[in-house]
Amino acid sequence: MNREVNDNIQTTHRSPHPPGSILLEEKEKKTIALQKHVAKKIKQTCSCSPEKAKDTIFGFLPVLRWLPKYRLKEYLLGDAMSGLIVGILLVPQSIAYSLLANQEPVYGLYTSFFACIIYFLMGTSKHIHVGIFGVLCLMVGEVVDRELQAAGYATLEGHGSHSLDDLIGNETLNNNQTSTMTCDKSCYAIRVGATVTFVAGVYQVLMGIFQVGFVSVYLSDSLLSGFATGASFTILTSQVKYLLGLSIPRANGIGSSIYTWIYIFQNIHLTNICDLVTSILCLLVLIPTKELNECFKSKLKAPIPVELFVVVGATLASHFGHLKENYGSSIAGEIPTGFLMPKPPEWNLVPNVALGALSIAIIGFAITVSLSEMFAKKHGYEVKANQEMYAIGFCNIIPSFFYCFTTSAALAKTLVKESTGCKTQVSGIMTSLVILLVLLVIAPLFYSLQKCVLGVITIVNLRGALKKFLDLPKMWKVNKIDTVIWLVTMFSSAVISTELGLLIGIAFSMLCVIVRSQTSISTLLGRVEASEIYESLDVYQNLNTTKGIQVFRFEAPLYYVNKKSFKSALYKHVGVDPVLVASAEKKAAKKKEKLKKQEGSPAEVETCLHLYQDQMPLHSLVIDCSAIQFIDTAGLNTLKEILKDYNGIGIRVLLAQCNMSVRNSLRNGDYFKKEEGTMAFYSIHQAVQFALYAQEQTDDCVNGSAV
């Protein structure tokens, strides 16, 4: 049977509804037995048909859907140009960011190559570039360094410079450590990096399967921005030793950045002058050119590939100037051509890296999904967030078998792709072809490239994150809480550690949500002249109020956290605490009984009581529930207490503008009981009109009784 519902829900008033009542009829809800519902879902899931198989395959590999529709003449030139330019920019960055991940340069090239191809097959965004991202490289590098220390490589500086015999001969290694060593430091580092990447990819695929993308809700823009800026400081700190040509241990754990600076100043007298001069010259070339690219990006068809020019020039200078032999400058070393045979991750390392991989996975998918949705909205097409999680997950799982480390979308290179005419994911294939050419032919030519040049390239690419400090005044004006979240996340990521900084930022952000709900806005409302609109008396002037009626608004969910603040705010604004009033009435009644028994005039007490009741400023209270998103059991009980207390002193409580969720909670929680006289209305004005109508009826009854 359908149920008829009106604006006065389960009222005890027997009089006809006042004029203007709204009559609504709820739709009949069909109830399906749980067993039938589960059986239907299982049948739908397990059933197979050619159409369903096709949709599944096309959904998993979106390239099969859009590539046959590719407009060759319209799209190819833009995709080829953007892919070529990004590839040229990516080569030196891939080599440079390998140092962040504590890996050999060639592994950065492998990572960029495979990520572009897999995202081409599985991604749904036409514009984002998936590849090496500085913050993730840093996080991978921290896990790798921790495992290197645990395996006994802590005292050995440099990649691949010590053989297994050297390691076994080192007095710091114990039997357990030497038994786990089957390769040199470089080999073990990439095994750890690949294992971290595999585990992070598995996490991301599981997030897609279980559709837990809601986790990204807790990573607000201010939190991610603060985390990126804080991590940028850590990246900068880790690269300073290359700029100065120092050989110092890599600090790890809490306060690693502080310890790194201590090591730097302790060894500053050992600075390699050749590396220092090279770093200064590269900075003087890169920074102005990058700024010119930024200033004239609207006029330039493509950004100037200054990084490539610097790498080529520095490599030639190092090679022909014999900088390593003459001045002891640190160089990239041999970069082999071709590919290594695939190898599975080290399964015994999975428990060690599982926790570190989780934070890497969350950051990776959050950045990828947010960037893909941002550019899709800008260019008017749709991306599937769930498929993006699958794509980025397999961009980590599959390459982990080919000596790669973790990837995600990268904002800077995505902007370059967009500005240079990218139309589809084919641009990524062009980028991978450029990297393939380097891997097969050109890579050995980078043998003499100084590491300080790679450090300079990494630091210069941090400009965007570090410039966020210039936005702080504007951010403070817009939202002070977001600014505080940004600062807390930034400082904790920079000073404490990258992983803990992220956790601290998330915890602080959630704490701010709780505090906001506890310190929610509440106000009394007044009616705008000649309208049915009610606004805050604290904000607007010349609003009309109705004598004997108060309209109260609470702008937050009503639940266990803020139930006390709701009550105190209500009593404060309305000016009537029903508990105190009831207590005063009881005391007056007791006094009356006492005076009756004594000699004196009971008429005096009766007069006092009547005067007290006449001074009562309120006969009706309207609670505007439009800004209350939901209520829980504690909130429902609070409303019941308020209703009971105010009814006890003769004040009518009316609710207005409750959303469907709140109405259902009230109805299911037995708030609308016939004996209570509870009322709910679809608008504030209706509630006020009813309060006036009901008070007139009450006054007529009182006057009639008096007559």
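Among the numbered criteria (1) exposed (fewer than 11 other Cβ atoms within 10 Å of the Cβ); (2) at pLDDT below 75, which single criterion is violated by LYS587?
Condition (2) is where LYS587 drops out.
Checking the conditions here, which among ILE481, ILE485 is open to solvent by less than 20 Å² (accessible area, probe 1.4 Å), within 29 Å of PHE566 (Cβ to Cβ), at pLDDT 85 or above and not hydroxyl-bearing (Ser, Thr, Tyr)?
Just a single option satisfies the conditions, and that option is ILE485.
When you look at VAL311, is it crowded, with 17+ Cβ neighbours inside 10 Å, farther than 21 Å from GLY141 by Cα, touching a Ser or Thr at 6+ places or on another chain (Cβ under 9 Å) and hydrophobic (A, V, I, L, M, F, W, C), yes or no?
no
When you go through (1) open to solvent by 60 Å² or more (accessible area, probe 1.4 Å); (2) under 29 Å from ASP624 (Cβ atoms) one by one for ASN544, which number turns out not to apply?
Here ASN544 meets the rest and fails (1).
Restricting attention to the range 407-423, does a residue exist that is out of contact with any helix residue (DSSP H, G or I) (no Cβ under 7 Å at 6 or more places or on another chain), under 19 Å from GLY208 (Cβ atoms), of a type in the set (Gly, Ala, Ser) and part of a helix (DSSP H, G or I)?
Scanning the range 407-423 turns up no residue that is out of contact with any helix residue (DSSP H, G or I) (no Cβ under 7 Å at 6 or more places or on another chain), under 19 Å from GLY208 (Cβ atoms), of a type in the set (Gly, Ala, Ser) and part of a helix (DSSP H, G or I).
If we keep just the residues of the range 284-301 that are part of a helix (DSSP H, G or I) and in contact (Cβ under 8 Å) with a residue 24 or more places away in the chain, which is least open to solvent (accessible area, probe 1.4 Å)?
LEU286
Within the range 415-433, take every residue that is polar (S, T, N, Q) and at pLDDT below 85 and give me the one that is surrounded by the most Cβ atoms within 10 Å (Cβ to Cβ).
Among those that are polar (S, T, N, Q) and at pLDDT below 85, it is THR420.
(1) in a loop (DSSP other than H, G, I, E, B); (2) within 13 Å of THR424 (Cα to Cα); (3) touching a Lys or Arg at 6+ places or on another chain (Cβ under 8 Å): which one isn't true of ASN102, the others all being true?
(2)
Testing VAL91 on (1) in contact (Cβ under 8 Å) with a residue 60 or more places away in the chain; (2) closer than 22 Å to LYS451 by Cα; (3) assigned to a loop (DSSP other than H, G, I, E, B), one condition comes back false. Which one is that?
The number of the failed condition is (3).
I'm trying to understand the selection: among the residues of the range 340-379, which are surrounded by fewer than 16 Cβ atoms within 10 Å (Cβ to Cβ) and touching a helix residue (DSSP H, G or I) at 6+ places or on another chain (Cβ under 7 Å)?
If the condition is that a residue be surrounded by fewer than 16 Cβ atoms within 10 Å (Cβ to Cβ) and touching a helix residue (DSSP H, G or I) at 6+ places or on another chain (Cβ under 7 Å), then PRO342, LYS343, PRO344, VAL350, ALA354, LEU358 are the ones that fit.
Among the numbered criteria (1) farther than 30 Å from PHE508 by Cα; (2) open to solvent by 30 Å² or more (accessible area, probe 1.4 Å); (3) in a helix (DSSP H, G or I), which single criterion is violated by LEU454?
Going through the list (1) farther than 30 Å from PHE508 by Cα; (2) open to solvent by 30 Å² or more (accessible area, probe 1.4 Å); (3) in a helix (DSSP H, G or I), LEU454 breaks only (2).
Could you pull out the residue among LYS324, LYS299, LYS290 that is closer than 29 Å to PHE405 by Cβ, of a type in the set (D, E, K, R) and over 32 Å from the mean Cα position of the chain (by Cα)?
So the residue among LYS324, LYS299, LYS290 that is closer than 29 Å to PHE405 by Cβ, of a type in the set (D, E, K, R) and over 32 Å from the mean Cα position of the chain (by Cα) is LYS324.
Have a look at LEU437, LEU449, LEU487 and point out the one that is touching a residue at least 60 places away in the same chain (Cβ under 8 Å) and more than 27 Å from the chain's Cα centre (by Cα).
LEU449
Go over the candidates ILE335, ILE304 one by one and state the one that is part of a loop (DSSP other than H, G, I, E, B), closer than 30 Å to GLU418 by Cα and either open to solvent by less than 40 Å² (accessible area, probe 1.4 Å) or not charged (D, E, K, R) (or both).
That would be ILE304, the only listed residue that is part of a loop (DSSP other than H, G, I, E, B), closer than 30 Å to GLU418 by Cα and either open to solvent by less than 40 Å² (accessible area, probe 1.4 Å) or not charged (D, E, K, R) (or both).
The values are calculated or read from the model by the stated rules, or taken from the named source; none is laboratory data. The structure displayed is predicted, hence computed values, not measured ones. Here the Cβ is made from the backbone with ideal geometry for all residues, glycine too, and neighbour counts use every protein chain on show. To get the accessible areas, we keep the full protein, side chains included, count just its heavy atoms, and leave off ligands, DNA and RNA. Shrake-Rupley method; radii C 1.70, N 1.55, O 1.52, S 1.80 Å.
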